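Peer 1: Dumping the structure here so I can ask a few things about it.
Any read-out appearing in this document is the output of simple, stated calculations on the displayed coordinates, not a laboratory observation. Since the model is a prediction, treat every value here as computed from it, not as a measurement. Glycine gets a Cβ as well: all are built from the backbone with ideal geometry, and neighbour counts include every protein chain shown.
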Amino acid sequence: MSRYISDTLRRLVATRANFRCEYCRVPEIGTFYSLQIDHITSLKHSGETAAENLAYACTLCNRSKGTDLGTRLEKGGAIIPFFNPRRDDWFEHFEADENGVIVPKSLIGEATTKIFGMNHADSIIERKLLIASGKYP
């Protein structure tokens, strides 16, 4: 498939995600930049531009993830895959505490939180404000 993502496919991905980042769960309405379409498995790793390989992602999560598929949590350790919103249940791998911190509940959650920088100070402040307004998670 081509790199082009049709308006119909973009709407499907956004609607399916309930207009939230599928990685950190920030709602599109609570972000400065519009959310983006992410190839879960990038084109360079033979991922396709198809609904089952696309996620709705905030700019911070999408840029942090890049084309990576996973990471090591310790030097020389096994490669842990990132959270995959088409395969994994967010609440099995993460929880958000009342202070806006995303707490990993699994190795997948830990790898994703680490590389995506989900608990950067600005992101925590943003989530805390969204929690106070009832818009998160």
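Peer 1: Hey, what do the phi angles of the stretch 64-79 turn into as Karplus ³J(HN,Hα) couplings, whole Hz, using 6.51/-1.76/1.60 and θ = phi - 60°, x for Gly and Pro?
Peer 2: Working through the residues one at a time gives 5, 5, x, 9, 5, 10, x, 7, 9, 8, 9, 4, x, x, 5, 7 Hz.
Peer 1: Using a/c under 1.5 as the rounded threshold, could you call the chain rounded, prolate or oblate? The axes a ≥ b ≥ c are square roots of the C-alpha gyration tensor eigenvalues, and prolate needs a/b larger than b/c, oblate otherwise.
Peer 2: Here the chain falls in the oblate category.
Peer 1: If you stretched the chain out fully between residue 92 and residue 37, how much longer would it get, using 0.36 nm times the residue separation minus the C-alpha to C-alpha distance?
Peer 2: 17.5 nm
Peer 1: Ok, one more. Which of 44/135; 44/75; 75/105; 114/135 have a Cα-Cα distance over 30 Å?
Peer 2: 44/135
Peer 1: Given H placed on each backbone N at 1.01 Å, which residues far from residue 70 in sequence or on other chains put an amide H within less than 5 Å of it?
Peer 2: The answer is 82.
Peer 1: Which residue, chosen from 67, 121, 93, occupies the Cα position most advanced towards the positive end of the dipole of the chain, where the dipole is computed from +1 (Lys, Arg) and -1 (Asp, Glu) charges on Cβ about the Cα centre?
Peer 2: Positive-most Cα among the choices belongs to 67.
Peer 1: For the chain, what does the helix formula give at 222 nm: sum of -39500 (n - 2.57) over DSSP H segments with n ≥ 4, over the residue count, nearest 500 deg cm²/dmol?
Peer 2: After summing the helix terms and dividing by residue count, I get -8500 deg cm²/dmol.
Peer 1: Using modelled backbone amide H atoms (1.01 Å from N, in-plane), which distant-in-sequence or interchain residues come within less than 5 Å of residue 96's amide H?
Peer 2: 103
Peer 1: Another one. Over the chain, calculate the relative contact order: mean separation of alpha carbon pairs under 8 Å at least 6 apart, over the residue count, as a percent.
Peer 2: Relative contact order of the chain: 21 percent.
Peer 1: A further question follows. For a quick check: with amide H placed at 1.01 Å from N, whose amide H comes under 5 Å from residue 54's, ignoring anything fewer than 5 positions away on the same chain?
Peer 2: Close amide H contacts, sequence-distant or interchain: 40.
Peer 1: Right, next: What's the ranking of 125-136, 64-75 by average number of surrounding C-beta atoms within 10 Å, highest first?
Peer 2: Ranked from most to least packed, the peptides come out as 125-136, 64-75.
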